[in-house]
Amino acid sequence: MGLTVAEKLIAASLVAGEMKKGDRIGIHISQTLTHDVTGVMSYLELEAIGIKRVKTDLSVSYIDHNILQADYKNPDDHRFLMDITSKFGILCTKPASGICHQLHLERFAKPGKSLLGSDSHTVNAGGVGMLAIGAGGLDIAMAMAGEPFYVKMPEIIKVELTGELPLFVSAKNVILEILRQLTVKGGLNTILEYTGPGIKSLNVTERATICNMGAEVGATTSVFPSDEITRYWLKAQGREQDWIPISADDDAVYDRVIEINLSELEPLIALPHQPDNVVPVREVAGLDIDQVMFGGCTNSSLQDVMSIAHILNGKHVHGNVDTALYCGSRQVMVEAIRRGVIDNLVCSGVRIMEMFCGACNGMGFAPPTNGKSLRTGPRNFIGRCGTECASVYLVSPEVAAASAITGKITDPRDLSLPVWKYSMPANFSVDDSMFLRPKESFDNTPVRRGPNIRPLPELEAVPNQLTGETLIKLGDDITTDHIVPAGAHFLPIRCNIPEVSKYVFRVVDESFPERAKTAGGGFIVAGHNYGQGSSREQAALAPRYLGIKAVIAKSFARIHLANLVNFGLIPFVLVDEEDSHVFDPGDMLSIDTTELKQGAKYAVHNQTKGIMIPVETPLTQDELDIIRVGGRLNWIKLRNN
């Protein structure tokens, strides 16, 4: 039996376990990436592990999220990152050199290699046939220390693409269609592998757009073959030597198949407040809007910027609409300037922002009160944009540009626009001067640390009996943005766990931190897909710091589940999902955890109601052993003694 592209990529990096669906496997990591929101914690953890130089082929620290310098916190973090990466042998970018996913795709992504990033959209690099996976910061630190990355062997979903995209229906609509079919939890423990004759019409940045938002269906990653289109992209980047061909065998077997005829797609839109709330644009056309954001890691390529400029050429942004553009990299900006694109956008009334993640995670350009914002990014979770009462819609660049002109949600096909087709340059402008090269060897030069950078909390081993009250009961699809908020006020304190813990569950219950502190900790009860969204490990560590004993849910998102293990917080899954209704806030619970064994059943004693509720844990024995001692850092220290 032949292998899929995904299986070939995994086999090339496999160092532990067998490629049996659902089994735990260990993968050697060739490259890592971090950014300034997640990177500070990763490097504090790397220090705690105790190595002197990273053991990967390449590790890169991108300063691309916390760019606004309203006070000392962000510039202090940037200085810390520049110092510590130099000591560890890690590349570091200057602030606002580009969005990590676009910039890594341009300069470092390699077919056949493995990439682990402390951001869920690391999967973007699957567009060049790379095994690219998002994970928590501690997992990145472990990979930099030479440890394998462990994950369940995923199922492989074949996405068969036929036809070609119609005019003004770009690649963003492909992944919106996938989200409409699979939902935000339908890709859990899967890899989406794109194939079929339709992929020949998609260039690398279009493929990366599709892979990028595969994170929103919960997929472990997404991949395209590495073919002549990949080779053309790498050659244009001056990296043709990095190309190798990778394709599925003719007799490869997939677990599921999804068929999409690109020719039949139409402009789609994700309504608030989930990326899978997808409908055709025509169904909501005419709705007044207040704001348009162009860019974000999903749609910030040269093609995206030129498509926006083509639609806006000679026209003006509607008077009621505020618009801004975030180019994905210096390369994108330079290429756009050389073509007169930026001039045209400025004349049309578009604000030109720095080259960073920006408004997508609420770091500036927040919508007004009760505002409606169209964005080309990957997420529209409630409150993520920085304004909790705003409504964010996810659209393609073409829909965003057409709507910016009319002031209403608009299908670009209704504007009688002239035909335009993007032609990728044969040679991109390449300037790697934004990368700060590390010192050649480790030395004792001090690392500058601002007062906001706090040491990692000490975590105790898990006791034999967990007792406490139900502090909060939540529904399905609770995101990491619900648990630890994004935005310009909160991103700068992510490296300060005592401070960020004051805002846990802020968007659903502002009283939670104080109640948890008063109660001496307790339990979280939730529905399906708990921890959906970003890789931020603070969503596990901050609740643990507040004394949370365990999380009881119907199911967990992959990255968050791993983060719970890393910080010694036990995840329990209800044996019977209907039992969720027997938990109420304030119920006193206890669980006997004297033995933590893979496959074992446990009983949650609801002391308030006098009933027992059966639960189990989805973890392997290795993961339970890590939890027992209080998390992965404690486990490493014990292993090394």
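From the Cα gyration tensor of segment 415-489, with a ≥ b ≥ c the square roots of its eigenvalues, which class applies: rounded if a/c is under 1.5, or else prolate if a/b is larger than b/c, or else oblate? The shape class here is oblate. Among the listed pairs Lys517/Lys597; Lys502/Lys549; Lys502/Lys609; Lys113/Lys421, a Cα-Cα separation exceeding 22 Å is found for Lys517/Lys597; Lys502/Lys609; Lys113/Lys421. Restriction of the GluC sites (Glu not before Pro) in segment 13-92 to DSSP coil positions whose beta-carbon has at most 15 other beta-carbons within 10 angstrom yields Glu18. A straight line joining the Cα centroids of segment 239-307 and segment 431-475 runs 34 Å.
Count the net charge of all other residues whose Cβ sits under 14 Å from the Cβ of Thr369, scoring Lys and Arg as +1 and Asp and Glu as -1. Once all neighbours under 14 Å are counted, the net charge is -2. Using the Cβ-Cβ distance between Glu283 and Asp343 with R0 set to 41 Å, the FRET efficiency from 1/(1 + (r/R0)^6) comes to roughly 0.70. Within the chain, the proportion of C-alpha pairs whose separation exceeds 43 Å stands at 17%.
Peptide packing: for 62-68, 285-291, 408-414, the average count of neighbouring Cβ atoms within 10 Å per residue gives the ranking 62-68, 408-414, 285-291, highest mean first. Ellipticity at 222 nm from helices only: DSSP H runs of n ≥ 4 in the chain, each -39500 (n - 2.57), divided by the residue count, give -7500 deg cm²/dmol. Using a simple spin-label model with pseudo-atoms 7 Å out from Cα toward Cβ, Asp250 and Ala600 lie 5.2 nm apart. Remark: spin-label model distance Trp420-Cys389 equals 3.7 nm, labels positioned 7 Å along the Cα→Cβ axis. Between Asp476 and Val575, residue separation times 0.36 nm minus the direct Cα-Cα distance comes to 34.0 nm. Here segment 465-640 is assigned +1 on the Cβ of each Lys and Arg and -1 on the Cβ of each Asp and Glu. Its dipole about the Cα centre then comes out at about 700 debye.
Sorting 512-521, 330-339, 216-225 by their mean Cβ neighbour count within 10 Å, with the most densely packed peptide first, gives 216-225, 330-339, 512-521.
Here His78, His35 are placed in order of increasing Cβ neighbour count within 10 Å, fewest first, which gives His78, His35. Suppose R0 equals 35 Å. What FRET efficiency, 1/(1 + (r/R0)^6) with r the Cβ-Cβ distance, do Glu259 and Lys235 give to the nearest 0.05? Rounded to the nearest 0.05, the efficiency is 0.65.
Per-residue Cβ neighbour counts within 10 Å put Ser307, Ser441 in the sequence Ser441, Ser307, beginning with the fewest. The HN-Hα couplings worked out from phi for segment 524-531 by the Karplus form 6.51 cos²θ - 1.76 cosθ + 1.60 (θ = phi - 60°) are 10, 10, 8, x, 7, 6, 5, x Hz, whole numbers, x standing for Gly and Pro. Taking label points 7 Å from Cα along the Cα-to-Cβ direction, Lys52 and Lys439 give a separation of 1.1 nm. By the rule of a C-alpha distance below 19 Å, with chain neighbours fewer than 8 residues away ignored, the lysines paired with Lys372 are Lys408. Sorted fewest first by neighbouring Cβ atoms within 10 angstrom, Cys297, Cys495 come out as Cys495, Cys297. Shape class of segment 492-641 from the Cα gyration tensor (axes a ≥ b ≥ c, square roots of the eigenvalues): oblate, since a/c reaches 1.5 or more and a/b does not exceed b/c. Label reach from Thr608 (point 7 Å along Cα→C-beta): in segment 519-555, amide nitrogens under 17 Å belong to 519-527, 548-553. An oblate overall shape is assigned to segment 478-522, the ratio a/c of its alpha-carbon gyration tensor axes (a ≥ b ≥ c) being 1.5 or greater and a/b not exceeding b/c.
Every read-out reported here was derived from the displayed coordinates using simple, explicitly stated rules and does not represent laboratory data. From a predicted model like this one, the values you see are computed outputs, not experimental measurements. Every residue, glycine as well, gets a Cβ built from its backbone with ideal geometry; the counts of neighbours run over all protein chains shown.
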